[in-house]
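Q: What follows is a structure written as structure tokens; I'll ask about it next.
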Amino acid sequence: MTCRRLALAALTLVLALPAAAQDLIGHGGPVGALDVSGAQVLSGAFDTRAILWNADTGGAEQVLRFHDGNVTAVAHLPDGRLATGGQDGRVAVWDRDGREPVFATPRGTAQVAALSVAPDGSRLAAGFWDGTILSLALDGFAMDRWPAHGDRVMGLAHLPDGRLASAGSDLRLAIWAPDGRLAARSDLPDLPNGLAITRGRIAVPFAEGALRLFSDTGALLPERFLTDRPLVAVAAADGLVAAAAVDGTVWLLAARDLDIRFEIASGQGPVWALAMGADALFTGGGDGTIRRFALSDGARQGTAATPLAEDFDDGSRGAQVWRACAVCHSLDPDDRGRAGPTLHGVFGRRIGTAPGYDYSGALRRLDITWTPRTVAELFEHGPEAYTPGSRMPEQRLPDPADRAALVEFLERRAH
């Protein structure tokens, strides 16, 4: 087991990167949810975190830790608040600068599959793996929930007139009135893997590799077979649709006729999430990185913020273990835009005291000084046991040899 999802100190707010248009790096696991609002990118990942990024600088502005398990859906709310949904079946609403949700639904038995905000900003819809849909009033948090599909809700999104479209693993596409009444329903030819809206049309990617458009009443419109691999993500903007396959290939198509504008090889393993900004397409991949590509021609925008292997790889076992940790941490005095603090000078430093980081109160109250012994103990026992109440994701290094190698590497390089 590696330390890819571990921060040795608390998760933090990274203010900026030295150069714009870099990859967004800070998650410790596959990114499965994305949403864009202006210059703000909100992401959710398998590492139990949601991160709010500044797309102009590449910096992480807020790290949200609440859900037990994966953060499976995220959404910007019109008033600047944020919404997250998780594997724990909970939907949470956050103030822009909040450390804890201002509202959260009770823990559920079925994970949240998707979130969608009504066009007028009054309600948030959530689809669940038990086939139900929740409608949450954003003023007062009154809830209404109804059975929508015979199996998992695989995607949902609001139409411009306020109706809600949902696709289920029961191979049904449904259109719901704002009050939850069924307005239309049609059969689907294969397993859907998401849903997005563009110019009133419903774009659905399928496991068989086809992307199909449907009318706002569920009638089949143009379709295009893109690959023999499953399509697993979709996003749409005005006049454009993007779809991603499990092998990391991404297509941008015209929404009118699904004419392919360009094809991208993302190079990041499976692309589980897509989102469109004003001029960029964002991809969330299995490597935990969020990359961006120009909507005009698909060109890669910026370069990776992760250090090259030769920057720290001295051929030792400790360097191999550290390679995964470098997703969230730097060994330079500068944090290099990671979501975790630099570990430069970590030994001898009291926990929660690196300058410029917003540590959790629980972490700041702990009486721990980082030494080779305490770092090894953190990896041995895991943060839940060793630093209870912190915002660090749970992770351990059970092999004593790996712990020793990492500590020895840090003693050589972290100063």
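Rule-based calculations on the coordinates, nothing more; no lab input. Model, not experiment: these values are computed from the prediction. All Cβ positions, even for glycine, are placed from backbone atoms using ideal geometry, and neighbour counts span all protein chains on display.
Q: Between S186 and L221, what is the spin-label point distance in nm, taking each point 7 Å from the Cα along the Cα→C-beta axis?
A: Distance between the two pseudo-spin positions: 1.0 nm.
Q: Let me ask something additional. Fewest first, what order do M276, M154, M143 take by the number of other Cβ atoms within 10 Å?
A: Working: M276 21, M154 26, M143 14.
So the ranking, lowest neighbour count to highest, is M143, M276, M154.
Q: While we're here: Determine the distance separating the Cα centre of the stretch 175-222 from the Cα centre of the stretch 39-94; give it in Å without decimals.
A: Going from one Cα centre to the other spans 26 Å.
Q: Taking Cα atoms of the chain, Rg/Rh with Kirkwood Rh, to two decimals? All intermediate terms of the calculation are to be shown ahead of the outcome.
A: On the way: Rg = 21.6 Å, Rh = 21.8 Å.
We get a ratio of 0.99 for the chain.
Q: Here's something else I'd like to know. Which of Y386, Y359 comes first, and how do the rest follow, when ranked by fewest Cβ neighbours within 10 Å? Mind showing how you got there, number by number?
A: On the way: Y386 17, Y359 21.
Result, fewest neighbours first: Y386, Y359.
Q: Helix 372-381 against the longest principal axis of the chain: what's the angle in degrees, Cα atoms only, rounded to the nearest 10?
A: Once rounded, one gets 40 degrees.
Q: With a cut-off of 8 Å between alpha carbons and a minimum separation of six or more residues, what is the relative contact order of the stretch 24-294 in percent?
A: Values: 833 pairs, mean separation 34.5, N = 271.
Worked out over the stretch 24-294, it gives 13 percent.
Q: Which order do peptides 247-256, 123-132 fall in by mean Cβ count within 10 Å, highest first?
A: On the way: 247-256: 19.6, 123-132: 22.5.
Packing proxy ranking, top to bottom: 123-132, 247-256.
Q: Here's something else I'd like to know. Just check the stretch 99-200 against the gyration tensor rule for me: Cα atoms, a ≥ b ≥ c as the square roots of the eigenvalues, rounded for a/c under 1.5, and otherwise prolate or oblate depending on whether a/b exceeds b/c. Numbers along the way, then the final one.
A: Details: a/c = 1.86, a/b = 1.31, b/c = 1.41.
Verdict is oblate for the stretch 99-200.
Q: Let me ask something else about it. To the nearest 10 degrees, how steep is helix 400-413 against the longest Cα principal axis of the chain, on a 0 to 90 scale?
A: 70 degrees
Q: With N residues in the stretch 60-121, what two-decimal value do you get for its Cα radius of gyration over 2.2 N^0.38 Å?
A: Details: Rg = 11.2 Å, N = 62, 2.2 N^0.38 = 10.6 Å.
This ratio for the stretch 60-121 stands at 1.06.
Q: Give me the dipole magnitude in Debye, nearest 20, for the stretch 213-268 about the Cα centre, with unit charges on the beta carbon: positive for Lys and Arg, negative for Asp and Glu. Don't skip to the answer; put the middle values down first.
A: Details: 4 positive and 8 negative charges, 14 e Å.
For the stretch 213-268, the charge dipole is close to 60 debye.
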